[in-house]
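Read through the structure below, which is laid out as structure tokens, and then see the notes.
The values are calculated or read from the model by the stated rules, or taken from the named source; none is laboratory data. Nothing here was measured: the structure is a model prediction, and the numbers come from that model. For neighbour counting, all protein chains shown are included, and Cβ atoms are generated from backbone atoms with ideal geometry for every residue, glycine included. In case anyone asks, the SASA skips ligands and DNA or RNA and just uses the protein heavy atoms, side chains included. Shrake-Rupley method; radii C 1.70, N 1.55, O 1.52, S 1.80 Å.
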Amino acid sequence: MSRRRIGFWYRLAAVLLKPPLLVFFKRDWRGMEHIPENDGFITVVNHNSAVDPLSYAHFQYNTGRVPRFLAKVGLFRSGFVGRAMRGTGQIPVFRESKDAIGAFRAAVEAIDKGECVAFYPEGTLTRDPAMWPMKGKTGAARVALETRAPVIPVAQWGANLAVPPYPKRGEIKLFPRKTLIVKAGPPVDLSEFYGQEPTAAVLRAVTDRIMDEITALLSEIRGEPAPAERYDYRAAAQRDREQMPSQQQAESGAQSESVPAEPAQRTERAQHDTAPPGGAGGENA
């Protein structure tokens, strides 16, 4: 199948968004050779800043294979942003509803048509105190097993040094300019899972394999080993609740598990305002 045409709305987004990205950030794109030239594929990306979808989209746009993101349905309902989301072919996700399966079907259909579908397996900004990838959700694994399309791991670092996850006052630091490092790796080998029933255990094993590959790429970018155990914010939130005094537990009982407690502190390494070892490389506009 031929690659998807970029189209008016994607080109408009590039015209509007690339100039400020070029002004405020340096760029270091790595591994573009791993992005398939034709046919459908999946990318799986870590998420450590509200800005990093733009850095990843910039990277992917420069390969000529524009991604279709899975995004919250609310973004499709608002004015210009909604028109842009629909015009660029993004996929609405109806969380916690009977319509949620529609995103899965749309992702499979897009890949079958030869397109790229991008997943953020963590499902939200990382809450790992040191900004490593967290335990992943199984959506990308489901689509990967259904389509058997290449799954390209992508790690990124740098946007979080300017705009950290869940920033407090004074934590956003655009200057000096940070380097947006985006690195794609070779396809994740999932062949041993093909043909197996997609049970919860199989989907978890596939997801863990995917997260391992993303984390390994990020470890190379940062020049340091990743933690031996992946952060699970639901389990961390549960531990925090169990450690609360009885009265505080009662007061917090109405809170959803989907709103985990914030990490107590980010590590000094993660907060450092310079690029990690091996950071600044060639810039690709």
Response to the item:
Residue pairs qualifying under the 9 Å Cβ cut-off, at least six apart or on distinct chains, with the first in segment 60-74 being aromatic (Phe, Trp, Tyr) and the second being open to solvent by less than 10 Å² (accessible area, probe 1.4 Å) and in a strand (DSSP E or B), are Tyr61/Pro67; Phe69/Ile91; Phe69/Val117; Phe69/Ala118
Worksheet entry | Tabulated pairs, segment 180-198, first under 21 Å from Ala57 (Cβ atoms) and open to solvent by 70 Å² or more (accessible area, probe 1.4 Å), second modelled with pLDDT of 95 or more and assigned to a helix (DSSP H, G or I), C-beta under 9 angstrom, 6+ apart or interchain | Pro187/His34
Worksheet, complete the sentence: Only unsatisfied item for Gln156, checking (1) under 20 Å from Met32 (Cβ atoms); (2) open to solvent by 70 Å² or more (accessible area, probe 1.4 Å), is (2)
Worksheet item: Which residues, counting only those in segment 223-244, are part of a helix (DSSP H, G or I), under 12 Å from Pro133 (Cα atoms) and either charged (D, E, K, R) or modelled with pLDDT of 95 or more (or both)?
Response: none
Fill in: Unique residue being in contact with a Pro (Cβ under 9 Å, 6 or more places away or on another chain) and modelled with pLDDT under 95 when the list is Tyr61, Tyr56, Tyr10
Tyr61
Worksheet item: Being in contact with a helix residue (DSSP H, G or I) (Cβ under 6 Å, 6 or more places away or on another chain) and among the β-branched types (Val, Ile, Thr), is that true of even one residue in segment 115-125?
Response: yes
Item to complete: Test Ser78 against the stated conditions and say whether it is in contact with a Gly (Cβ under 9 Å, 6 or more places away or on another chain) and more than 28 Å from Phe193 (Cα to Cα).
Response: no
Worksheet item: Which of (1) aromatic (Phe, Trp, Tyr); (2) touching a residue at least 60 places away in the same chain (Cβ under 8 Å); (3) closer than 20 Å to Asn38 by Cβ does Tyr56 not meet, given it meets every other one?
Response: (3)
Worksheet item: Inside segment 147-161, can you point out the residues that are more than 15 Å from Val44 (Cβ to Cβ) and assigned to a helix (DSSP H, G or I)?
Response: Ala159, Asn160, Leu161
Practice prompt. Could you please find all residues in segment 128-144 being open to solvent by 10 Å² or more (accessible area, probe 1.4 Å), of a type outside the set (A, V, I, L, M, F, W, C) and assigned to a loop (DSSP other than H, G, I, E, B)?
Written response: Asp128, Pro129, Lys135, Lys137, Thr138
Discussion item. With the requirement that a residue be closer than 21 Å to Met32 by Cβ and in contact with a helix residue (DSSP H, G or I) (Cβ under 9 Å, 6 or more places away or on another chain), what does segment 211-226 give you?
Written reply: Arg222
Discussion item. Is it the case, given these coordinates, that Glu146 is more than 19 Å from Asp28 (Cα to Cα), charged (D, E, K, R) and in contact with a helix residue (DSSP H, G or I) (Cβ under 6 Å, 6 or more places away or on another chain)?
Written reply: yes
Worksheet, complete the sentence: Counted residues in segment 203-228 being farther than 21 Å from Arg30 by Cα, surrounded by fewer than 17 Cβ atoms within 10 Å (Cβ to Cβ) and in contact (Cβ under 8 Å) with a residue 40 or more places away in the chain come to 3
Worksheet, complete the sentence: For segment 25-56 the number of residues that are within 21 Å of the chain's Cα centre (by Cα) and surrounded by fewer than 16 Cβ atoms within 10 Å (Cβ to Cβ) is 1
Fill in: Among (1) closer than 20 Å to Ala184 by Cα; (2) open to solvent by 30 Å² or more (accessible area, probe 1.4 Å); (3) of a type outside the set (Val, Ile, Thr) - the single one Ala118 does not satisfy
(2)
Practice prompt. Take Lys173 and decide whether it is assigned to a loop (DSSP other than H, G, I, E, B) and either among the basic types (Lys, Arg) or open to solvent by less than 30 Å² (accessible area, probe 1.4 Å) (or both).
Written response: yes
Worksheet, complete the sentence: When (1) surrounded by 18 or more Cβ atoms within 10 Å (Cβ to Cβ); (2) under 23 Å from Arg105 (Cα atoms); (3) at pLDDT 95 or above are applied to Phe69, the one that fails is (3)
